[in-house]
Amino acid sequence: MRISRKRRPQKPLIPHYNVNEHIQANEIRLLDAEGENLGIFPTEQAIQMAMEQEVDLVEINPKALPPVAQLVAFNHFKYQKEKEAKKQKLGAHVSETKGIRLSVRISGHDMDVRRMQSEKFLERGDKVKAEIILRGREHARPDIAFDVIKKFFDLVGKNIPIRVEQEIAKQANKVTGVIAKR
């Protein structure tokens, strides 16, 4: 598989929030620091309230009618949002399909090496695609390739509970099958 080396623009962890004078709306729905609804106020009056309490007026939901703003210390608010975003990012693992190439004439030791590699991928949450490329006279006996992949899946299944994502099938000169952790 090819690794993409393109530079992608880094998205900020948290979106941009309008604070104090940068709020464009004429009226806003105001929330206090605990999230309690205080009502609808003109923006200038809400900014005055924020200055009196020595906090910032942060526009939380600009798409609502009227937009929602909260009286809160912006640096504390921003810190909390970054913390939530990092926690959410840690929990999200995108599962990939890792390829393991076998052969019709694979030795026992090589099969064990591929098995250990596959178990590592499965433990990480990835899927494993086992494939055998048929060459020459191997095209006449694809059933041998089916047996090798089935044996490989059985070996992996002894140590880790697996489920078959894609049944073993022949496509042109390849015999492939995909498994994932149950």
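Rule-based calculations on the coordinates, nothing more; no lab input. All values reported here derive from a predicted model rather than from experimental measurement. Using ideal geometry, Cβ is built from the backbone for each residue, glycine included, and neighbour counts are taken over all protein chains shown.
Here is the link list: Lys127/Lys150; Lys98/Lys174; Lys120/Lys174; Lys98/Lys181; Lys63/Lys83; Lys83/Lys181. Which ones come out longer than 22 Å on Cα distance?
Long pairs (Cα-Cα over 22 Å): Lys120/Lys174; Lys63/Lys83; Lys83/Lys181.
By how many degrees, between 0 and 90 and to the nearest 10, does the Cα long axis of helix 142-159 differ from the longest principal axis of the chain?
50 degrees
Using a 7 Å offset from the Cα along the Cα-to-Cβ direction at both Gln48 and Tyr79, what is the distance between the two label points in nm, to one decimal?
Spacing of the two 7 Å Cα→Cβ label points: 3.1 nm.
Taking 0.36 nm per intervening residue step and subtracting the Cα-Cα distance, what contour gain separates Ile106 from Val94 on full extension?
Taking 0.36 nm per residue and subtracting the Cα distance, the gain is 1.2 nm.
If each residue of separation counts as 0.36 nm, what is the full-extension length gain between Gln117 and Lys63 once their alpha-carbon separation is subtracted?
Gain on stretching Gln117 to Lys63: 14.6 nm.
Based solely on its DSSP helices, what 222 nm [θ] is calculated for the chain when runs of n ≥ 4 H residues each add -39,500 (n - 2.57) and the sum is averaged over all residues, nearest 500 deg cm²/dmol?
Taken over the chain, the calculation gives -11500 deg cm²/dmol.
Mind jotting down the distance between the C-alpha centroids of the stretch 161-182 and the stretch 37-90, whole Å?
51 Å
Which value in nm describes the separation of the simple spin-label points at Ala169 and Ile133, placed 7 Å from the Cα toward the beta carbon?
Result: 2.1 nm between the two label points.
Given the Cα-Cα distance of Asp147 and Ile160 and 0.36 nm per residue of separation, how much length would full extension add, in nm?
Values: separation 13, 0.36 × 13 = 4.68 nm, distance 1.98 nm.
Here the answer is 2.7 nm.
Pick out, from Ile28, Ala73, Val94, the residue whose Cα sits farthest towards the positive end of the charge dipole of the chain, with +1 on the Cβ of Lys and Arg and -1 on the Cβ of Asp and Glu.
Sorting the options by dipole projection puts first Val94.
Assign unit charges at the C-beta atoms only (+1 for Lys and Arg, -1 for Asp and Glu), then state the dipole size of the stretch 97-181 relative to its Cα centre in Debye, rounded to the nearest 20. Present the calculation step by step, with values, prior to reporting the outcome.
Values: 19 positive and 12 negative charges, 32 e Å.
For this selection, approximately 160 debye.
Would you mind checking the tilt of helix 74-91 against the longest principal axis of the Cα atoms of the chain, expressed as 0 to 90 degrees and rounded to 10?
It is inclined by approximately 10 degrees.
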